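Below: one structure, written as structure tokens.
What follows is calculated from the coordinates using simple rules that are stated; it is not laboratory data. Note that the structure is predicted; figures quoted are calculated from it, not measured. Because the Cβ atoms are built from the backbone with ideal geometry, glycine has one as well, and the counts that use them run over all protein chains shown.
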Amino acid sequence: VNPTLTLEDIVNKTPDLPTIPAAALAVVRETESATGNANTVASHLAQDQALTARVLRLSNSAYYGLQRQVMDLQEAVVVLGMRSVRNLAMVAATYPWLTKPLKGYCLGPKEMWTHAFGTAVGAQLIASKAKLAESDRMFTAGLLHNIGKVALSIWLENKIPAMLALATRDNLTFNQVERKLLGYDHAEVGAYMAEQWNLPKPLIQAIRYHHEPNECPDTNTTVDCVHIADFLTMSMGFGLGGDGLRYDFQEEALARLGLDATVFDELANGFVDSVCQYEELFQDMQLEAA
Amino acid sequence: MVAARGERLTVCTQVVLNMGALQVVHQPTSMTCPGLGSCIGILASDPEAEVHGGVVVMLPSAPTPGAANPERFADTAIAKMIEQMVELGASAENIRAAIAGGACMFGTLSASPLDLGARNAVAVKQQLRKHGVTVLAEDIGGDHTRSIRYDSPTGQVTITNVIGEKPLCNLRDGGVA
């Protein structure tokens, strides 16, 4: 137990902490700003050749079923839309490190990715069920919601059995046990990382409150979509680790989106369909490590 | 692998069943349903006929008759698995099954529609009973993930979770751990 650590300590003392390429972060900020447009998105992305190459390969995957090959970023943004290109940039930017194993959470290779990608797809689906205007903005939030685990993993290595015993003894959720042990949970650590990356506020809040959306100080549908998507992804067993399903589900998130528990089975079935469709993105290609 | 003198070498097919996957085989097998959440892994065997089957269901019932992906739903998946096992020579009354999964989020109220794991468990047991299949043992519920594995040459069914591995039952001799 080391409750004297600060958030800064945790993040600064963690070796091999992931980074998101500056060009991808700029694209995220640009698509969330009022002035963002196809040209500015393409020009930010063009600053990073490796990322651009990966985005173009994803744009030409079977998933989009385009009639002819997209050859440059401008064209990709026009054909797919700037938010889809933003999502592809984030997939390309995070895939190399989200696919690594996280020993502290008992997650094998690719399991963290399976969970993050499932939550991204699920959050987008829930937003469209709730008829929210910008369902595709939820994707990035879903993809990043657990980034704090990447930093906390090394601090939790070999501690899971003891943490689960503590959770059972004191009737705590897993994030409450993280707070008891380290002073912070993975949602707080993730939000701190997102702040350092200067990500837009709705995204930072989605990361910070994904386990406790009722605590979010602002009305933020992204938080609720990610919370429900996380629940769906855990229920379906996508990338479950040692923490399992030991988290709260706050049903009020459904109500805030005008949904209720009776839609759950339909949502779950549609969710698995969406994930299966999205797998076409990766069918013909292997995203190389950065 | 080299067999010691007199030892019979058994080559097993390795089957990994993810959500919504169904497989039936008429040969020695090692079947695993990994990383179960609220879904339920069902591993079944008619050891006399040497016919083995497995499926991972994610929801209690198909939304409509003839719905796509029947392997996802307890009612249609179990019917399909038993039918395929019988086609390969199994007798429904000889089939023994072991089931695992059905977890739910921490603090979910029982009887809530959100307790998908419990609803799946009820539906799976109901369907197996309807088809005359005996559930020999189960590892159901809680808020943790687990995997279930069946090794047909020995009949052993094993549960693995983050804490470790434990035997659940033996589908060949009917023993329960």
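Magnitude of the Cβ-charge dipole of segment A:171-211, K/R +1 and D/E -1, about the Cα centre, nearest 20 debye?
About 80 debye.
Given q = 0.12, 0.19 Å⁻¹, what are the Debye log10 I(q)/I(0) values for segment B:71-147, with equal point scatterers placed on the Cα positions and solvent ignored?
-0.37, -0.82
When Cβ neighbours within 10 Å are restricted to other protein chains, what is their mean count per residue of peptide A:230-242?
So the per-residue partner count for this stretch is 6.
How much of the DSSP beta bridge set in the protein assembly as shown is antiparallel, as a percent to the nearest 5?
Percentage antiparallel, nearest 5: 75.
Got a sec to turn the phi values of segment B:19-32 into Karplus ³J(HN,Hα) couplings, 6.51 cos²θ - 1.76 cosθ + 1.60 with θ = phi - 60°, whole Hz, x for Gly and Pro?
Using θ = phi - 60°, the values come out as 3, x, 9, 10, 8, 10, 9, 10, 6, x, 8, 10, 10, 10 Hz.
State to the nearest 20 debye the size of the charge dipole of chain A about its Cα centre, where the only charges are +1 on K and R beta carbons and -1 on D and E beta carbons.
For chain A, the charge dipole is close to 420 debye.
Give me, ordered by chain and number, the residues 5 or more places off residue B:103 or on other chains with an amide H under 5 Å from its own placed amide H.
Under 5 Å from the amide H of residue B:103 lie the amide H atoms of B:38, B:39, B:141, each far enough along the sequence or on another chain.
Kindly provide the GluC sites (Glu not before Pro) of segment A:123-215 that DSSP labels as loop, not H, G, I, E or B, and whose Cβ sees at most 12 other Cβ atoms within 10 Å.
Loop-located and lightly packed - A:157.
How high is the relative contact order of chain A? Use alpha-carbon pairs under 8 Å, at least six apart in sequence, and give a whole percent.
23
Helix B:116-130: angle to the longest alpha-carbon principal axis of chain B, degrees 0 to 90, nearest 10?
So the inclination is approximately 60 degrees.
Considering every residue in B:133-142, what mean count of other chain Cβ atoms within 10 Å of its Cβ is obtained?
0
Got the relative contact order for segment A:24-118 handy, in percent, Cα pairs under 8 Å and 6 or more residues apart?
26
So what is the calculated 222 nm ellipticity per residue for the protein assembly as shown, using -39500 (n - 2.57) for each DSSP H run with n of 4 or more, over all residues, to the nearest 500 deg cm²/dmol?
Theoretical 222 nm ellipticity from helices: -13500 deg cm²/dmol.
Which lysines, on any chain, are close to residue B:125 with Cα under 21 Å apart, when same-chain ones fewer than 8 places away are left out?
B:80
Can you sort A:138, A:163, B:105 so the residue with the fewest Cβ neighbours within 10 Å comes first?
A:163, B:105, A:138
When you have a sec, figure out the Kirkwood radius of chain A from all distinct Cα pair distances and drop it here in Å to one decimal?
By the Kirkwood definition, the hydrodynamic radius is 19.3 Å.
Can you list the HN-Hα couplings for segment A:95-111, worked out from phi with the Karplus curve (6.51, -1.76, 1.60; θ = phi - 60°), rounded to whole Hz and with x for Gly and Pro?
Values per residue, Gly and Pro as x: 3, x, 9, 6, 8, 6, x, 10, 4, x, 9, 6, 9, x, x, 6, 5 Hz.
How high is the relative contact order of chain B? Use alpha-carbon pairs under 8 Å, at least six apart in sequence, and give a whole percent.
Across chain B, relative contact order equals 23 percent.
Between 0 and 90 degrees, rounded to the nearest ten: what's the tilt of helix A:160-170 against the longest Cα principal axis of chain A?
60
Mind running the shape call on segment A:1-139? Use the C-alpha gyration tensor, a ≥ b ≥ c as the square roots of the eigenvalues: rounded below 1.5 for a/c, prolate if a/b tops b/c, oblate otherwise.
prolate
Longest span of chain B, sites excluded, free of trypsin sites (Lys or Arg not before Pro) in DSSP loop with at most 10 other C-beta atoms within 10 Å?
The longest such stretch corresponds to B:9-177.
Mind sorting A:231, A:282, A:271 by how few other Cβ atoms lie within 10 Å of their own Cβ, fewest first?
Listed from fewest to most nearby Cβ atoms, that is A:282, A:271, A:231.
Determine the percent antiparallel among the DSSP beta bridges restricted to segment B:7-65, to the nearest 5.
In segment B:7-65, approximately 75 percent of DSSP beta bridges are antiparallel ones.
I'd like the mean, over residues of A:259-269, of how many other protein chain beta carbons sit within 10 Å of each residue's own Cβ.
Taking the mean over all residues of the peptide, I get 4.
How do B:48, A:111 line up, fewest other C-beta atoms within 10 Å first?
In order of increasing Cβ crowding within 10 Å: B:48, A:111.
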